[in-house]
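The values are calculated or read from the model by the stated rules, or taken from the named source; none is laboratory data. Nothing here was measured: the structure is a model prediction, and the numbers come from that model. Virtual Cβ from ideal backbone geometry, glycine too; neighbours counted across all protein chains shown. For the accessible areas, the whole protein counts, side chains as well, though only heavy atoms, and no ligand, DNA or RNA atoms are used. Shrake-Rupley method; radii C 1.70, N 1.55, O 1.52, S 1.80 Å.
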Amino acid sequence: METHVYDLVGVGIGPFNLSLAALLDDIPEVKTIFFDQKSRFDWHPGMLIVGTRLQVPFMADLVTLADPTNQYSFLNYLSKKNRLYPFYFLQRLDIPRREYNDYCQWVAHELKNCRFGNKVVELDYIQNEEIFLVRVEEIKTKETITYRCKNLVLGTGSVPAMPKSFQGLSPEHVFHTAEFLNHQDRCRKAKSITVIGSGQSAAEVFRELLKEQMEHQYQLNWITRSRSFLSMDESKLSVEQFSPDYVNYFYQFPQEQKDQIFATQDLLYKGISSHTITDIYNLLYEHSVSGEEINVGLQVLTEVKRIQEKGDHYEILCHQWQQKKDFTHESEIVIVGTGYRPNIPDFIHNLESHIHWDDKGRYEVEADYRLRLDIPNQIYVHSGISHSHGVGSTNLGLAVHRNKIIINHLIGKEVFPIYNKYVFQNFNAETF
Ligand SMILES: Cc1cc2nc3c(=O)[nH]c(=O)nc-3n(C[C@H](O)[C@H](O)[C@H](O)COP(=O)(O)OP(=O)(O)OC[C@H]3O[C@@H](n4cnc5c(N)ncnc54)[C@H](O)[C@@H]3O)c2cc1C
């Protein structure tokens, strides 16, 4: 057991907690330590496809929106890597996703309070000492150490969501888009591949497979339940919904109304970037030059009910919901793009009796990202807060603002100024 009492222990080091760790680096009086089970920072590695871009401008790095002079800014990373000139001539705001990962790895490496290869496995609370006990297992040695802290921050992110009816099949042949790069070589040898779903990840995987199709000659299919391969709503005024103003506006509603609003906002985060759709269309056009038959199928309005093994293939049971017609489709490889779900660690249930839960079993979260607890200590949360803070909860462009709020609360003074208005449009009737 470590005897030292930390002010804050961080669980998980994805971009959200990494940003917090970076911003806290300039505040040495706050003693922090962050843990991640991975051996090093690695941002959705199975989806770091060459050519994919960050869906927010590079300014949504780990620190800039709080403090553009911070040493962990993306521009300083470029400067340290002697890449400022290429970036200047590139003239783009949307950097390659692989570069964002490399930038975060650089920051994680520079920070002294980030420990990788360490999984948080247990959590306890000592009531009379008002202290959390955090049991951490070093992955390599299996040794555990218990850390003591006053406050916690959960940044455990999300995990791939695979419908039950698609589970239990060979992971080499039926896998989530999150695993794509691990199986790309296998895909190159396949006779037929089917991608299910029409979110950004499914589209990026389909585009990559389409690019290589001429060389590898597999039959390629794409099936979606949606009425169309819908484009994400990325207009400048729409993306103002990923602003602190909109988060505050959304937060004020009763939970039932929040759930209703959230259910109408699919296209802000579930559709496909228009540049990805354009790339796909251009490739389809190119493949069909001189009227050639292309070995590609795009099927909309179709729900996949089940996938089952059939010899060396998989049978996909489909339902065209508008025509109300069932049909089957065969494929050697099936790639499932059914999104992600929040990763709420089981150990949170050790504190179950101290946490306020809503009637759907979700934890209640204060406006300043603290779990609603009946103890004086704080658990700040980044993950699983879409129900309380809305559609921007997983958006990287809001990470820094959220961390400003968390730091101000943790320290008990306004280290980072918070303004009332950040965007042009107004959401509240009373402030118009
Ligand atoms: C493929 C993909 C691309 C995306 N692209 C964008 C984009 O361009 N722009 C955008 O705004 N959003 C994007 N998102 C959404 C979102 O920003 C990311 O999911 C982001 O990674 C969320 O960061 P995070 O810090 O919450 O969690 P994560 O990045 O998921 O990290 C959580 C970390 O917690 C660790 N962990 C979990 N449990 C434990 C434990 N018990 N002990 C120790 N460590 C633990 C995990 O190992 C992991 O490293 C994307 C999402 C995906 C899936």
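When Y369 is tested against the conditions (1) modelled with pLDDT under 95; (2) within 19 Å of S19 (Cα to Cα); (3) among the aromatic types (F, W, Y), the lone failure is (1).
Among the residues of region 270-306, which ones are part of a strand (DSSP E or B), open to solvent by less than 80 Å² (accessible area, probe 1.4 Å) and under 30 Å from V391 (Cβ atoms)? Write out each step before concluding.
Step one: list which residues in region 270-306 are part of a strand (DSSP E or B), which gives 272, 296-299, 302-306.
With the extra rule that they be open to solvent by less than 80 Å² (accessible area, probe 1.4 Å), the set shrinks to 272, 296-299, 302-304.
Once the filter is applied, which keeps residues that are part of a strand (DSSP E or B), open to solvent by less than 80 Å² (accessible area, probe 1.4 Å) and under 30 Å from V391 (Cβ atoms), region 270-306 yields I272, L298, Q299, T302, E303, V304.
For region 204-219, the criterion of a residue being away from the ligand (no atom under 16 Å from the Cβ), over 17 Å from S288 (Cβ atoms) and in contact with a Gly (Cβ under 7 Å, 6 or more places away or on another chain) is satisfied by no position.
Residue-by-condition table, conditions (1) surrounded by 15 or more Cβ atoms within 10 Å (Cβ to Cβ); (2) within 17 Å of V153 (Cβ to Cβ); (3) in contact with a Ser or Thr (Cβ under 9 Å, 6 or more places away or on another chain):
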residue	(1), (2), (3)
E309	no, no, yes
H349	no, no, no
E366	yes, yes, yes
L373	yes, yes, no
I379	yes, yes, no
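Here is the figure for region 143-165: residues that are surrounded by 14 or more Cβ atoms within 10 Å (Cβ to Cβ) and of a type in the set (D, E, K, R) total 2. Filtered by the rule that a residue be touching a Gly at 6+ places or on another chain (Cβ under 9 Å) and either open to solvent by less than 20 Å² (accessible area, probe 1.4 Å) or not assigned by TED's automatic domain parsing to the domain that holds I407 (or both), region 37-51 gives a lone residue, F41.
Among the listed residues S386, S331, S353, identify the single one that is in contact with a Phe, Trp or Tyr (Cβ under 8 Å, 6 or more places away or on another chain) and more than 13 Å from the ligand (Cβ to nearest atom). Let's see the steps before the verdict.
Working: S386 fails: more than 13 Å from the ligand (Cβ to nearest atom); S353 fails: in contact with a Phe, Trp or Tyr (Cβ under 8 Å, 6 or more places away or on another chain).
After applying the criteria, what remains is S331.
When restricted to residues that are in contact with a Pro (Cβ under 9 Å, 6 or more places away or on another chain) and β-branched (V, I, T), region 93-120 contains 2.
Among the residues that make up region 174-182, is at least one of them β-branched (V, I, T) and under 20 Å from R40 (Cα atoms)?
no
G168 meets all of the listed conditions (1) surrounded by 13 or more Cβ atoms within 10 Å (Cβ to Cβ); (2) small (G, A, S); (3) closer than 20 Å to G339 by Cβ but one, namely (1).
Among the residues of region 370-384, those identified as in contact (Cβ under 8 Å) with a residue 40 or more places away in the chain and closer than 30 Å to L267 by Cα are Y380, V381, H382, S383, G384.
Taken as a whole, the structure places I385 among residues that are hydrophobic (A, V, I, L, M, F, W, C) and surrounded by 17 or more Cβ atoms within 10 Å (Cβ to Cβ).
Sort through V391, V415, V334 and tell me the only one that's among the aliphatic types (A, V, I, L, M) and surrounded by fewer than 19 Cβ atoms within 10 Å (Cβ to Cβ). Quick ask: steps written out before the conclusion?
Numbers: V391 fails: surrounded by fewer than 19 Cβ atoms within 10 Å (Cβ to Cβ); V334 fails: surrounded by fewer than 19 Cβ atoms within 10 Å (Cβ to Cβ).
Sole residue among the options that is among the aliphatic types (A, V, I, L, M) and surrounded by fewer than 19 Cβ atoms within 10 Å (Cβ to Cβ): V415.
Any residue at all in region 127-136 that is away from the ligand (no atom under 14 Å from the Cβ) and under 30 Å from L54 (Cβ atoms)? No: zero hits.
Among helices (runs of 4 or more DSSP H) lying entirely in region 52-142, which contain 1 or more residues that are open to solvent by less than 10 Å² (accessible area, probe 1.4 Å)?
Details: elements: 74-80, 84-90, 97-110.
The qualifying helices (runs of 4 or more DSSP H) are 74-80, 97-110.
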